[in-house]
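Got a structure for you, written out below as structure tokens; questions coming shortly.
The values are calculated or read from the model by the stated rules, or taken from the named source; none is laboratory data. Predicted, not measured: the structure shown is a model, and the values here were computed from it. Cβ atoms come from the backbone with ideal geometry, glycine included; neighbour counts cover every protein chain shown. Note: areas computed on protein heavy atoms with side chains; ligands, DNA, RNA excluded. Shrake-Rupley method; radii C 1.70, N 1.55, O 1.52, S 1.80 Å.
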Amino acid sequence: MKRFHVHLHVDDLNRSIGFYSQLFAAQPARVEGDYAKWMLEDPPVNFAISTRGNKPGIDHLGIQTDDAEELAVLKARAEAADMALLDEGTTTCCYARSEKHWITDPQGVAWEHFHTLGNIPVFNEAAPAANSTAACCAPTRGKPVGVAVKSASSCC
């Protein structure tokens, strides 16, 4: 099964947790000092918020897969559509270790395709970056992947 993923940047994490907990009639599955995530079943969505990002609003969208085979199908679709791909392979971000790649839609919205391999205790395991408020290495909004993306060193 695939699950839709939405990651929003918020200014006030606690207020947003309260709002979305009421909206979804569910408490987050994970809460950290800068992050919260709901794993909803109806509809199936991985909804995450964090205080990391440039401005409030949608940081990125995505599709989470249950296994590597589903992820390979999504990658093949993106490549067949002549979409430039940023393949991160196995990486860490958003308190998880994942296999992932990124694409950017024609409007410049970053899409993440990923398969979560396990949880980690920190937002990411990379060395602290100059832009430590950045979310999960999403390509720069408005720029197609492969044209201008955040480098791995500025990730998360």
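With a 1.4 Å probe and every protein chain kept in, tell me what percent of the accessible surface of region 1-44 is carbon plus sulfur. Let's see the in-between values first.
Numbers: 1370 of 2650 Å².
C and S fraction of accessible area: 52 percent.
Does region 1-60 classify as rounded, prolate or oblate by the C-alpha gyration tensor (a ≥ b ≥ c root eigenvalues; a/c under 1.5 gives rounded; else a/b over b/c gives prolate, otherwise oblate)?
Taking the square roots of the gyration eigenvalues as a ≥ b ≥ c, region 1-60 is oblate.
Sticking with this structure for a sec: Just add up the charged neighbours of L71: K/R +1, D/E -1, any other residue whose Cβ is under 10 Å from the Cβ of L71.
Details: positive: K2, K75, K100; negative: D66, D67, E69, E70, E99.
Once positives and negatives cancel, what remains is -2.
How much length would be gained if the chain were fully extended between D87 and I58, taking 0.36 nm per residue of separation minus their Cα-Cα distance, in nm to one decimal?
Working: separation 29, 0.36 × 29 = 10.44 nm, distance 2.13 nm.
Length gained between D87 and I58: 8.3 nm.
Sorted by average packing, counted as other Cβ atoms within 10 angstrom per residue and highest first, what order do 47-58, 113-124, 16-27 take?
Numbers: 47-58: 17.7, 113-124: 16.0, 16-27: 13.1.
Final packing ranking: 47-58, 113-124, 16-27.
Could you list the residues of region 1-20 with an amide nitrogen less than 17 Å from a label point located 7 Å from the Cα of V45 in the Cα-to-C-beta direction?
2-10, 16-20
In square angstrom, what is the accessible area per residue of region 1-128 with a 1.4 angstrom probe? Intermediate results must be reported in sequence, preceding the final value.
Numbers: 6590 Å² over 128 residues.
That works out to 52 Å² per residue.
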